[in-house]
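Presented below is the structure to which this report refers.
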Amino acid sequence: MSMYQVKPVSPDIKIDLPTCMYKLPNIHTRQENSCSSDHALQNGDVDPAVRALEVRQDEIMRKLYELKAAVEGLAKTVTTPDADLDVTVSSSLSSQSSSCDIFKATKNLDALLGKDLGALRDIVINANPAQPPLTLLVLHNLLCQHYRVLSTVHVHSSVSSVPPQLLSCLGPKHADSYARHMFQLGFTLIWKNVPKLEMKFSVRNMCPIEGEANVARFLFKLLAPYPSDPAVATLVDSWVDTAFYQLADGSAKERAAVLRALDSALGRGPWLCGTEFSLADIACYCCLSQNGSTSATAANVQRWIKSCENLGHFGPAKLLLK
C-alpha cells in the first residue's frame with residue numbers, strides 16, 4: 001500500500017512511444033499513390049517552406065548580381081580621372097547581322113578580354129568633340145552587329161557644349177539600358193577636352209591606350225583576328241598609320257602622295273590589303289572622308305569608296321559628316 005494515493009484526474013491516455021530513433025515507411029507494403037504526408041519529405045519531396053526560401057534567395061542573388069554589375073561599370077568612370085560625367089545621353093542595343101564575310105563569327109570575349117567575373121566589360125573612351133573619331137563610330141557599329149552592346153554618351157564638364165549629332169552618334173537609347181546584366185559589352189564615349197583620344201578598359205589590369213589608331217586596333221581585334229601572314233599584318237598596320245599620320249594630319253604634299261599610293265594599291269585588288277576588307281580600309285576611308293578628299297580622287301579610289309559605302313558599315317560616320 002502506497003503512502004499517498006492520488007485519484008486520477010483524467011481518463012487513461014494511450015501514448016504511442018517510439019521504438020526506434022528514425023522511422024521510415026515500409027516501401028514493400030506502400031502503394032504507389034498511397035504515400036502519406038508524414039512520409040512525403042522522406043521520399044525526395046521538398047518542404048514548401050524550404051522551396052519558398054530558395055526562390056526568395058534566388059531573387060535576392062539576382063538583384064545583387066545586377067547591383068554588382070552596375071557598380072563595377074561605374075567604377076571605371078566615376079572613380080577615375082576621366083569620368084566627370086555630367087549628362088547621360090544615349091544607350092543602344094543592336095543584334096544585326098554583318099554583310100562582310102570577315103565578321104561572320106562572333107569572337108569569344110572571355111578569350112579576348114579575360115574571364116567575366118559578373119561585371120559588364122566596359123570600354124571607356126575620352127574624345128575631343130572638335131575631332132570626332134569616325135573610325136571608332138564605324139567599329140562601334142560593327143560591334144553592335146555581333147555583340148549585345150550597351151552604348152552610352154556622356155559630356156565632361158571641361159566641354160561647354162556639344163552638337164546634337166555628337167550626342168546621338170551611338171544610336172538611340174535602349175529601353176533595357178538599366179539592366180546591365182543583359183549586355184555583353186559596354187561602350188562608353190565621353191566628350192572631353194583632351195589633346196589626344198584615349199581609351200580605358202580595365203583600370204586595374206591595363207594602362208590607358210592613346211591615339212585613335214591604337215584604339216581602333218584594339219576594337220578591331222574584338223571583331224576579327226589580324227592576318228596570320230606577318231607581311232599582310234604589317235601592311236595593314238602601315239596603312240593605318242599612313243591614314244592617321246599623313247592622310248588626316250599631314251601636309252597637302254603628303255596627302256597627295258598617299259592618294260597616289262591608294263590608287264596604285266587598289267589597282268591590284270578590291271581592298272587595300274588584298275581580297276579581304278580590313279582595318280586599313282576603315283581607317284583610310286574615314287580619314288579620307290574627314291578631310292573632304294573623296295571627290296578629287298582617281299578612278300580606282302572612287303571604285304573603292306563606293307565598295308566601302310555599299311557594305312553599310314560607314315553609315316554613322318557619313319551621318320556625322322553631314
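Numbers at a glance
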| item | result |
| --- | --- |
| Flagged links, alpha-carbon separation over 32 Å, of Lys173/Lys253; Lys196/Lys318; Lys63/Lys196; Lys196/Lys221 | Lys173/Lys253; Lys63/Lys196 |
| Sum of side-chain charges, Gln246 neighbourhood, beta-carbon under 13 Å (Lys, Arg +1; Asp, Glu -1) | 0 |
| Local electrostatic count at Pro132 - Lys and Arg +1, Asp and Glu -1, tallied over other residues with Cβ under 13 Å | +2 |
| Cβ-placed point charges (K, R +1; D, E -1), dipole of region 230-319 about Cα centre in debye, nearest 20 | 300 |
| Inter-probe distance in nm under a simple model that places probes 7 Å from Cα toward Cβ, at His28 and Ser228 | 6.8 |
| Phi-based couplings in Hz for region 234-243 (Karplus 6.51, -1.76, 1.60; Gly and Pro marked x) | 5, 5, 4, 4, 5, 5, 5, 5, 4, 5 |
| Inter-centroid distance (Cα atoms) of region 278-298 relative to region 143-190, Å | 26 |
| FRET efficiency for Val55 and Asn193, using Cβ-Cβ distance with R0 set to 51 Å, rounded to 0.05 | 0.50 |
| Residues with amide H under 5 Å from that of Phe187, placed H, sequence gap 5 or more | Ile123, Leu150, Ser151, Thr152 |
| Contact order relative to length of region 127-202, as percent, for alpha carbon pairs under 8 angstrom and 6 or more apart | 51 |
| Neighbourhood net charge (11 Å Cβ-Cβ; Lys/Arg +1, Asp/Glu -1) for Leu150 | +2 |
| Exposure rank, largest accessible area first [Lys200, Lys23; 1.4 Å] | Lys23, Lys200 |
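The values are calculated or read from the model by the stated rules, or taken from the named source; none is laboratory data. On a predicted model such as this, the values are computed, not experimentally measured, just so you know. FYI the Cβ positions are ideal-geometry reconstructions off the backbone, even for glycines, and counts take in every protein chain you see. Heads up: the accessible areas ignore ligands, DNA and RNA and are worked out on the full protein's heavy atoms, side chains in. Shrake-Rupley method; radii C 1.70, N 1.55, O 1.52, S 1.80 Å.
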